[in-house]
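A short write-up of the structure that comes next.
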Amino acid sequence: DKVAKFTNQKLNVKIIPFRGEYYKLTKEKESLVKNLIYPVPDPNFPFLGVHFTRMAKGGVEAGPNAVLAFKREGYKKSDINLSELSESLLWPGFQKVAMKYWKTGFGEMYRSFSKAAFTKALQKLLPEVTEKDLAPGGAGVRAQACDRNGGLIDDFLIVENEFAINVCNAPSPAATSSLSIGDHVSDLIMKHF
């Protein structure tokens, strides 16, 4: 959004950073997960909810939650940038999202600080998992596009004008490296230039 604003002053979207925190299943419990285990998505949110993922190099990730990051690259709870945080909090779209989904937001924050609550969410998918089966994992930051009206953009958002083409939202980490998306953007470039 910051780069897109250089060529589009009336940009109607802002990136709100959400941190997703993971646990890893202990070696002894990895055998419980033979495939990917995902919940049925909630159509109100672009977030999947906690799930289990077998990793290519071994191991099983469990999570993530989705908490507001206090910095655009806030991979730790202690990462804070007051300027970036205030940009998120003052964005009218984020304020609408926060008012509408405050209970969900507080639930995600609670799970961030409570391993028991995180475990309980995982047990909905795999009841055999206990707190002792979980070791701290990593975290990622999702750049979630939010429009001025409080919409959480869950599809691609490509903003173009005569000067630039900006991909302002890519809904999945896998999509950011998709060859077909690259083809689409290159077609747009050819059309404009």
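Of note:
- Residue within the range 135-148 that is farther than 30 Å from Met190 by Cα, free of Cβ contacts under 8 Å to residues at least 24 places away in the same chain and either β-branched (Val, Ile, Thr) or touching a helix residue (DSSP H, G or I) at 6+ places or on another chain (Cβ under 6 Å) (or both) present: no
- Inter-residue pairs, beta-carbon under 6 Å, first closer than 15 Å to Gly151 by Cα and touching a residue at least 40 places away in the same chain (Cβ under 8 Å) and in the range 5-30, second assigned to a helix (DSSP H, G or I) and charged (D, E, K, R), 6+ apart: Leu11/Lys5
- Hits in the range 11-47 (condition: under 25 Å from Glu84 (Cα atoms) and at pLDDT below 90): Phe45, Pro46, Phe47
- Of the criteria (1) more than 30 Å from Lys10 (Cβ to Cβ); (2) over 15 Å from the mean Cα position of the chain (by Cα), which one Leu82 fails: (1)
- Only listed residue being of a type in the set (Gly, Ala, Ser) and touching a helix residue (DSSP H, G or I) at 6+ places or on another chain (Cβ under 6 Å), chosen from Ser114, Ser88, Ser83: Ser88
- Restricting the range 28-55 to residues that are among the polar types (S, T, N, Q) and assigned to a loop (DSSP other than H, G, I, E, B) leaves a set whose member that is nearest to Ser112 (Cα to Cα) is Asn44.
- The range 3-27, subset within 19 Å of Phe118 (Cβ to Cβ) and buried (at least 17 other Cβ atoms within 10 Å of the Cβ), residue farthest from the chain's Cα centre (by Cα): Leu25
- Scanning the range 117-130 for residues that are in contact with a helix residue (DSSP H, G or I) (Cβ under 8 Å, 6 or more places away or on another chain) and exposed (fewer than 14 other Cβ atoms within 10 Å of the Cβ) turns up Glu128, Thr130.
- Subset of the range 70-105 that is assigned to a loop (DSSP other than H, G, I, E, B) and not charged (D, E, K, R) - its residue that is surrounded by the fewest Cβ atoms within 10 Å (Cβ to Cβ): Ser78
- Test: Glu108 is modelled with pLDDT under 95, surrounded by 16 or more Cβ atoms within 10 Å (Cβ to Cβ) and assigned to a helix (DSSP H, G or I): yes
- Here Pro17 fulfils each of the conditions (1) closer than 22 Å to Lys76 by Cβ; (2) part of a loop (DSSP other than H, G, I, E, B) apart from (2).
- Applying the criterion of being touching a residue at least 12 places away in the same chain (Cβ under 8 Å) and of a type in the set (Val, Ile, Thr) to the residues of the range 54-85, the residue that is farthest from Lys124 (Cα to Cα) is Val67.
The values are calculated or read from the model by the stated rules, or taken from the named source; none is laboratory data. All of these numbers come straight from a predicted model, not from anything done at the bench. Because the Cβ atoms are built from the backbone with ideal geometry, glycine has one as well, and the counts that use them run over all protein chains shown.
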